[in-house]
Amino acid sequence: MNTENIYIHNVNDFVAMRKAGSLTAKILDALKNFIEPGISTEDINEFCHRMIIKNDAVPAPLNYKNFPKSVCTSVNHVVCHGIPSEKKILKNGDIINVDVTVILDGWHGDSSRTFAVGNINNKILSLLKTTYECLLIGIENAKPGKKIGDIGYSIQKYAEAKNFSVVRDFCGHGIGKKFHTPPSILHYGSIGEGVEIVPGMFFTIEPMINIGNWQVKILNDGWTAVTKDKSLSAQYEHTIGITENGNEIFTLSQNNSDFPINTI
Ligand code: MF3
Ligand code: CO
Ligand code: CO
């Protein structure tokens with residue numbers, strides 16, 4: 001633990017996170033061929049729940065602060081924390097973020113990807129690509145010698161140059177034996193701000209990027225975050241560990257579908 005209450009992990013902890021992270025990725029990898037027009041977000045919840053349990057893990061969202069389901073499913077203008085429902089049927093042209101967090105042997109793997117349902121138009125494709133690139137740029141800046149604020153600064157700069165906006169109300173987080181710990185990883189901000197990044201830190205980077213403006217509101221269910229202007233929102237998330245020279249991505253896809261969109 002350093003002065004900012006940020007836990008510094010050891011090599012054994014990296015081994016444990018590799019396992020939790022790769023299970024998380026395996027579930028997201030399997031979703032690529034499962035998601036299609038006509039299925040419900042509850043179908044996705046059940047698919048993930050079964051796969052998590054089968055692999056001797058626990059779905060972290062279920063009953064977390066009273067969240068009622070095993071994954072978050074956020075469709076179109078839903079920014080994050082969408083609650084799976086059998087009433088929400090996916091249709092051609094939709095986008096959906098599925099956010100999977102597993103607990104394996106006591107360790108959390110947290111990752112999300114935005115998928116296309118059928119065919120999407122070029123504007124939406126550009127939102128998805130930019131959001132994924134924001135995640136990669138954030139990861140590039142997550143290394144010893146940099147500050148936590150450098151991550152958000154680099155993401156905001158890239159997103160706004162493409163005329164998209166960065167959601168302010170939700171951020172990445174420290175992770176490990178607990179789901180959400182310090183530090184908060186903002187996806188916007190100023191260069192050189194915040195604590196120094198050092199080896200052994202585990203955290204997520206999970207930018208939410210909107211086509212319209214960044215304002216969001218929470219629906220009456222107490223969870224679902226939507227864009228105020230109803231514009232589309234996308235998100236990609238990885239869990240990473242800081243190493244001596246850079247970082248290790250614990251939640252990397254095993255079949256190259258970190259960005260699960262077929263581009264021609
Ligand atoms: N997985 C989300 C994150 O990236 C948190 C979901 S909390 C829940 O931090 F309760 F909605 F599941
Ligand atoms: Co997270
Ligand atoms: Co998540």
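In Å and whole numbers, how far do the C-alpha atoms of the chain stretch along each principal axis, longest first?
Principal-axis extents of the Cα atoms in the chain, largest first: 48, 43, 40 Å.
Kindly put 51, 17, 208 in sequence by how many other C-beta atoms sit within 10 Å of each C-beta, fewest to most. Don't skip to the end; give the middle numbers.
On the way: 51 20, 17 25, 208 30.
Final ranking by Cβ density, sparse to dense: 51, 17, 208.
Are there any helices in the chain, counted as whole DSSP H runs, that stretch 24 Å or more along their axis by Cα and score at least -1.0 on average by Kyte-Doolittle, and if so which?
11-34, 122-140
Using a Cα-Cα cut-off of under 14 Å, which aspartates and glutamates could be cross-linked to residue 217, ignoring same-chain neighbours fewer than 8 residues away?
Answer for residue 217, where 14 Å is the Cα cut-off: 169, 229, listed by chain and number.
Given axes a ≥ b ≥ c from the Cα gyration tensor, I'd like to know whether the stretch 98-159 is rounded (a/c under 1.5), prolate (a/b larger than b/c) or oblate.
oblate
Cβ neighbours within 10 Å, averaged per peptide: list 122-130, 218-226 in order, most packed at the top. Before the final figure, lay out the partial values.
Values: 122-130: 16.4, 218-226: 14.8.
Ranking, from highest mean packing down: 122-130, 218-226.
Once you put a point 7 Å from the Cα of residue 184 and another 7 Å from the Cα of residue 140, both along the Cβ direction, what distance in nm separates them?
2.7
If the elastic network links every pair of Cα atoms under 10 Å, which of 87, 19, 228 fluctuates the most in the Gaussian network model of the chain?
Highest fluctuation of the listed residues: 87.
Can you give the charge dipole size of the chain about its Cα centre, rounded to the nearest 20 debye, using +1 on the beta carbon of Lys and Arg and -1 on the beta carbon of Asp and Glu?
Numbers: 25 positive and 27 negative charges, 84 e Å.
Its charge dipole is roughly 400 debye.
How large is Rg/Rh for the stretch 117-222, to two decimals, with Cα atoms and a Kirkwood Rh?
1.00
Take the Cα radius of gyration of the stretch 59-189 and divide it by 2.2 N^0.38 Å, with N its residue count; two decimals is plenty. Each step should come with its number before you reach the end.
Values: Rg = 15.8 Å, N = 131, 2.2 N^0.38 = 14.0 Å.
In units of the globular-protein estimate, the stretch 59-189 measures up at 1.12.
May I ask you to order 197-203, 78-84 by the average number of other C-beta atoms within 10 Å around their residues, highest value first?
Values: 197-203: 21.4, 78-84: 23.7.
Those peptides, ordered most packed to least, come out 78-84, 197-203.
Which of 216, 11 comes first, and how do the rest follow, when ranked by fewest Cβ neighbours within 10 Å?
Values: 216 22, 11 7.
Taking fewest neighbouring Cβ atoms as first place, the list is 11, 216.
Calculate log10 I(q)/I(0) of the stretch 1-91 for q = 0.12, 0.19 Å⁻¹, where I(q) comes from the Debye formula with a single equal point scatterer on each Cα and nothing for solvent.
For the stretch 1-91, the Cα-only Debye profile gives -0.48, -0.96.
Every read-out reported here was derived from the displayed coordinates using simple, explicitly stated rules and does not represent laboratory data. From a predicted model like this one, the values you see are computed outputs, not experimental measurements. Ideal geometry is used to build each Cβ from the backbone, glycine not excepted, and the neighbour counts take in all protein chains shown.
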